[in-house]
Amino acid sequence: MTLCVHSLSAQYYFYDNERLEPAVLWEAGVSVGAMNCFTDLGGKKGVGKGFIKDLNGQHYNFAGGFYVGALYHQTIGGRLEATFGRVSASDNVLEGDMGAAKGRYMRNLHFRSKIAELALLAEFHPLTLFQSMAKEPSYFSPYIVGGIGVFHFNPEAFNGYTWVALQPLRTEGQGFPQYPDRRPYRLTQVNFPLGIGVKYEVSALLNARLEIVHRILNTDYLDDVSKQYIDPTLFSENLSHEAAAQAVKLADRRQELDPSVVTTEGSIRGDPKHKDAYFTIQFKLSLSIGRTRRVKF
């Protein structure tokens, strides 16, 4: 004899009919994939475009992480997720374009930065609302995801023999009394993840996901580039001798390609009208926690 249990909060697991489905299903998993960014540096050749149209595929970097979460009736859920990766960009990807992108190539700047992020996310699986109308629920469940996070970054540039942190060099005069409107940017800030994904139930205990999440940022200094060049003599007035020497070299690198270039205060270095951003494309593998075997007699 088989004991059958039916309630508002549980039903038989629809794959093997051997496990009960709780109202709240917990999940713990890991993520692996790639990270890339949208900043003032690099981009595609030609006239600069907006958002994904300007994405250059040469700067994908590894990203990974782990998460725990819960899903209510397979429809609405939340999770806490840690993600670690790296972003980078360089104007030298535009080499050979002597047309519309020549100015960006001649700017000759680059950066890299490690990213450490902790995010609280909500997800919604819309197709589960229509499962009662189907003969059998689908193994696949597309969903949308969004929330709020905290991330840490620290842009660096290579000075010819080592990588140097750029934020302490105040490359655009941040914090200098001569530029009272330019405050030093914080290396730990809030972001707003937003993305889409698809979940596949491999078994009663194992889930696989493919997810793309874009991070909306409130900073234009992910790459340490935003506004205009400053008078290079101000570095020695506001920084130590060693830091000033590094700042002069790394704030304006056009002379490395054209020694005749003279730094002019107020000339364009970046575009402050658009904030920076980064995103991940990740494969996720997780264990479902809470499905219990049905009792048989």
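Taken one residue at a time, the phi angles of the range 167-173 give Karplus couplings (6.51, -1.76, 1.60, θ = phi - 60°) of 4, x, 7, 6, 4, 10, x Hz. Gly and Pro are set to x. Ranked by how many other Cβ atoms sit within 10 Å of their own Cβ, fewest first, the residues Phe84, Phe111 fall in the order Phe84, Phe111.
Each residue of the range 283-290 was assigned a 3J(HN,Hα) from its phi angle through the Karplus curve 6.51 cos²θ - 1.76 cosθ + 1.60 (θ = phi - 60°); the sequence is 9, 10, 10, 9, 9, 7, 10, x Hz, with glycine and proline shown as x.
Each of Arg86, Arg183, Arg79 was scored by other Cβ atoms within 10 Å of its Cβ. Arranged with the fewest first, they read Arg183, Arg86, Arg79.
Net charge within 10 Å of Ile115 by Cβ-Cβ distance, Lys/Arg positive one each and Asp/Glu negative one each, not counting Ile115 itself?
Taking every other residue near Ile115 into account, the sum is +2.
The phi-based Karplus calculation (6.51 cos²θ - 1.76 cosθ + 1.60; θ = phi - 60°) puts the 3J(HN,Hα) values of the range 64-73 at x, x, 8, 7, 9, x, 9, 10, 8, 6 Hz, whole numbers, x for Gly and Pro. Taking amide hydrogens as placed 1.01 Å from N in the peptide plane, the amide H of Val202 sits under 5 Å from those of Asn207, Ala208, each at least 5 positions away in sequence or on another chain.
Taken together, the values in this text are just the output of simple stated rules run on the coordinates, not laboratory data. What you see is a predicted model; the values in this text were computed from it and never measured. When we count neighbours, we look across all protein chains shown, and the Cβ atoms used for this are built from the backbone with ideal geometry, even at glycine.
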